[in-house]
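Every number in this text was worked out from the coordinates using simple rules, so none of it is lab data. Keep in mind the model is a prediction, meaning the values are calculated, not measured. Cβ placement follows ideal geometry from the backbone for every residue including glycine, while neighbour counts extend to all protein chains displayed.
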Amino acid sequence: MGLHREIVLSDDAFLVSETDARGRIIYANDEFCRVAGYKMEELVNKNHNIVRHSDMPKGAFSDLWETVQKGNDWQGFVKNKAKCGGFYWVFATVYPYKNDNNEQCYMSCRRKPSREDIEKYSTLYKTM
């Protein structure tokens with residue numbers, strides 16, 4: 001997979017990751033690891049921004065964190081960076097929750113967005 005090449009998710013892809021309150025990855029499912037190109041042990045305890053693509057506007061993540069830190073779910077379109085240098089788009093839903101130790105955590109579930117949404121948000125994010 002080449003640098004700057006798009007990785008297109010399968011129609012039934014379902015990528016899941018969980019972070020602690022500081023955004024450090026505590027879990028990622030096999031699909032997330034496969035698409036992002038990392039092994040689980042490469043991700044655990046790393047900040048989730050390891051997959052942040054430079055095309056993503058800072059405002060999108062500010063909105064995400066403000067929303068989930070208030071205890072609300074967040075949804076949005078995200079362009080992520082794979083280890084190989086390629087990229088992939090997801091429609092993400094982030095859920096705040098408390099773990100068994102009553103510590104704040106966040107679960108992100110992602111699926112394949114439509115091509116129309118990718119084009120729309122790719123254009124929009126360039127203006128932000």
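Being of a type in the set (Ser, Thr, Tyr) and touching a residue at least 60 places away in the same chain (Cβ under 8 Å) is the filter; apply it to segment 111-128 and report the residue that is farthest from Phe91 (Cα to Cα).
Filtering segment 111-128 for residues of a type in the set (Ser, Thr, Tyr) gives 114, 121-123, 125, 127.
Cutting the leftovers down to touching a residue at least 60 places away in the same chain (Cβ under 8 Å) gives us 122, 125.
Numbers: Ser122: 13, Tyr125: 14 Å.
My answer is Tyr125.
Conditions (1) loosely packed, with under 13 Cβ neighbours inside 10 Å; (2) touching a residue at least 24 places away in the same chain (Cβ under 8 Å); (3) assigned to a helix (DSSP H, G or I); (4) not small (Gly, Ala, Ser), marked per residue:
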{"position": "Ile25", "(1), (2), (3), (4)": "no, yes, no, yes"}
{"position": "Glu31", "(1), (2), (3), (4)": "no, no, yes, yes"}
{"position": "Glu66", "(1), (2), (3), (4)": "yes, no, yes, yes"}
{"position": "Asn101", "(1), (2), (3), (4)": "yes, no, no, yes"}
{"position": "Cys109", "(1), (2), (3), (4)": "no, yes, no, yes"}
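Give the residues of segment 68-81 that are in a loop (DSSP other than H, G, I, E, B) and either hydroxyl-bearing (Ser, Thr, Tyr) or surrounded by 19 or more Cβ atoms within 10 Å (Cβ to Cβ) (or both), sorted by residue number.
Start the filter on segment 68-81 by keeping residues that are in a loop (DSSP other than H, G, I, E, B), which leaves 70-73.
The answer is none; no residue qualifies.
Can you tell me which residues in segment 82-99 are closer than 19 Å to Arg5 by Cβ and part of a strand (DSSP E or B)? Please lay out each step first, then the result.
Residues of segment 82-99 closer than 19 Å to Arg5 by Cβ: 82-90.
Within segment 82-99, Phe87, Tyr88, Trp89, Val90 qualify.
Scan segment 83-91 and tell me whether some residue there is surrounded by 13 or more Cβ atoms within 10 Å (Cβ to Cβ), in contact (Cβ under 8 Å) with a residue 12 or more places away in the chain, out of contact with any strand residue (DSSP E or B) (no Cβ under 7 Å at 6 or more places or on another chain) and within 18 Å of Arg34 (Cα to Cα). Before you say what the answer is, go through the steps one by one.
As a first pass, look at segment 83-91 and keep what is surrounded by 13 or more Cβ atoms within 10 Å (Cβ to Cβ): 83-84, 86-91.
Filter again for in contact (Cβ under 8 Å) with a residue 12 or more places away in the chain, leaving 83-84, 86-91.
Those still in the list that are out of contact with any strand residue (DSSP E or B) (no Cβ under 7 Å at 6 or more places or on another chain) too: 83-84.
Within this subset, residues satisfying the condition of being within 18 Å of Arg34 (Cα to Cα) are 83-84.
Yes, there is a match, as at least one residue in segment 83-91 is surrounded by 13 or more Cβ atoms within 10 Å (Cβ to Cβ), in contact (Cβ under 8 Å) with a residue 12 or more places away in the chain, out of contact with any strand residue (DSSP E or B) (no Cβ under 7 Å at 6 or more places or on another chain) and within 18 Å of Arg34 (Cα to Cα).
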